[in-house]
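Structure, as structure tokens:
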Amino acid sequence: MKIISVVGARPNFMKIAPFIKAIDTYNALNGNIIEHTLVHTDQHYDDCISKAFFEQLDIPEADINLGVGSGTHAEQVGNTMIEFEKVLKDKKPDWVVVVGDVNAILACSVTAKKENIKCCHIEAGLRSGDMTMPEEINRLVTDRISDLLLTPDPLSSENLRKEGVPEGKIRFTGNIMIDTLERNRNKAEALDINEIIRQNSVNHFELNNLNSPVAGFAVMTLHRPSNVDRKETLEPIIRFLIDDVCSEIPLIWTIHPRTRKMLETFGLLNEVMSHKNLFLLEPLGYLEMLKLNMNARIIFTDSGGLQEECTILGTPCLTLRWNTERPITLLEHGGASVLVGNNIRLIRKEYLSSLNKPRKPFRPELWDGHAAERCLNAILEYRKLT
Ligand code: UD1
């Protein structure tokens, strides 16, 4: 059996790593039955948000790099389709496996289906209901045309049923990203927080006592266009961070290239860089981010994956979005995340009430570190629906 799996951007890497390991284990036991090819579309090409993950997560170098790079959505999707079609014509795989919701999955699932190749979507069925998010469009299209939809939780399976997806296409396999978290917990635990800051700092290089849980610190990631692309939205968030958070506890902000560019454009970068209690870091590797999450008193984020990791670790998580495709991570479902959008009054209110909450780890069903084996089995057991 020939499988091509696809990665494009940072959140794909921690999801594909356990899938590749599951293939290796299967091949070791069954005599190399699966011929696997890893394709990187190269949407994320900077070392700090691509290469570092391959090294830390022990992902083999991509067999094929499409070299698509940055661009508008149409450019990214269009160029990926043109390049991926050539790969499919050459390799003629039985399956194309896509993970998550970045532009690569839209481009590669459509191209695969046009070539009459079966497509499997890992992390299927997530829905934010927000059609202004490019990821929602990617999820909807990919799920509509894929042959096998592997869901991380029962709510996602239910979303697919409501959309009329035949039962035989849906398999609840659990959250594959948690496989990576469980595999790397001990390695992350062993890291030193001050060392992480020293090695990745953009503005301050020394900070003592952050390893002490008593002192405490907040962590932030922010990269969604809806939060960072307009000054009217980004500036009040910065004001809140400086006036309310950094006046009390250190804030460690790992900054995405897009956000850094916007801070500079809006003339806010200097103020952020010069605040003594605000520690601006380059985008971190997987282990470093996991270590910060394990020790943070609170996390501010607009990332999807962090909401899930906070849920497993029990870190109070303020999600700077008005909706989430991952409702299972919300407080009302037992998770750690609260939606606060970009309304500063709401952010402040939830910040004050979350700050001193104890950690409350929660493990949704099948977030058990073994999702990848179930995903591979689902592909191996697939029988074409007629
Ligand atoms: C993409 C995903 C998003 C995911 C995020 C994680 C889509 C639609 N979006 O958003 O779902 O949460 O990745 O990071 O697929 N840039 C660099 N170096 C790089 C890559 C990008 O500097 O290696 C800069 C470029 O200026 C680029 C901008 O970041 O234009 C945005 O990158 P892009 O890949 O378009 O989207 P992300 O915001 O990273």
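The values are calculated or read from the model by the stated rules, or taken from the named source; none is laboratory data. Nothing here was measured: the structure is a model prediction, and the numbers come from that model. Virtual Cβ from ideal backbone geometry, glycine too; neighbours counted across all protein chains shown. The protein model used for the area step is the full one, side chains on, heavy atoms only, and it has no ligands, DNA or RNA in it. Shrake-Rupley method; radii C 1.70, N 1.55, O 1.52, S 1.80 Å.
Checked against (1) out of contact with any Pro (no Cβ under 9 Å at 6 or more places or on another chain); (2) within 13 Å of the ligand (Cβ to nearest atom); (3) part of a helix (DSSP H, G or I), Gly78 passes all but condition (2). Do we find a residue being within 20 Å of Ala371 (Cα to Cα) and within 22 Å of the chain's Cα centre (by Cα) anywhere in segment 128-140? Yes; the residues of segment 128-140 include at least one that is within 20 Å of Ala371 (Cα to Cα) and within 22 Å of the chain's Cα centre (by Cα).
For Lys15, the test of being touching a residue at least 40 places away in the same chain (Cβ under 8 Å) and of a type in the set (D, E, K, R) is passed. Selection over segment 118-142 of residues that are buried (at least 20 other Cβ atoms within 10 Å of the Cβ) and more than 16 Å from the ligand (Cβ to nearest atom) gives a count of 3. Regarding segment 15-35, can at least one residue be identified that is open to solvent by 70 Å² or more (accessible area, probe 1.4 Å), small (Gly, Ala, Ser) and farther than 28 Å from Leu222 by Cα? Taking every residue of segment 15-35 in turn, at least one turns out to be open to solvent by 70 Å² or more (accessible area, probe 1.4 Å), small (Gly, Ala, Ser) and farther than 28 Å from Leu222 by Cα. Those residues that are in a helix (DSSP H, G or I), open to solvent by 30 Å² or more (accessible area, probe 1.4 Å) and modelled with pLDDT under 95, I need them from segment 353-386; list them, please. Answer for segment 353-386, where residues must be in a helix (DSSP H, G or I), open to solvent by 30 Å² or more (accessible area, probe 1.4 Å) and modelled with pLDDT under 95: just Ser353.
Does Pro316 fit the bill of being more than 16 Å from the ligand (Cβ to nearest atom), in the same structural domain as Leu191 (by TED's automatic domain parsing) and buried (at least 22 other Cβ atoms within 10 Å of the Cβ)? Judged against the criteria, Pro316 is a match.
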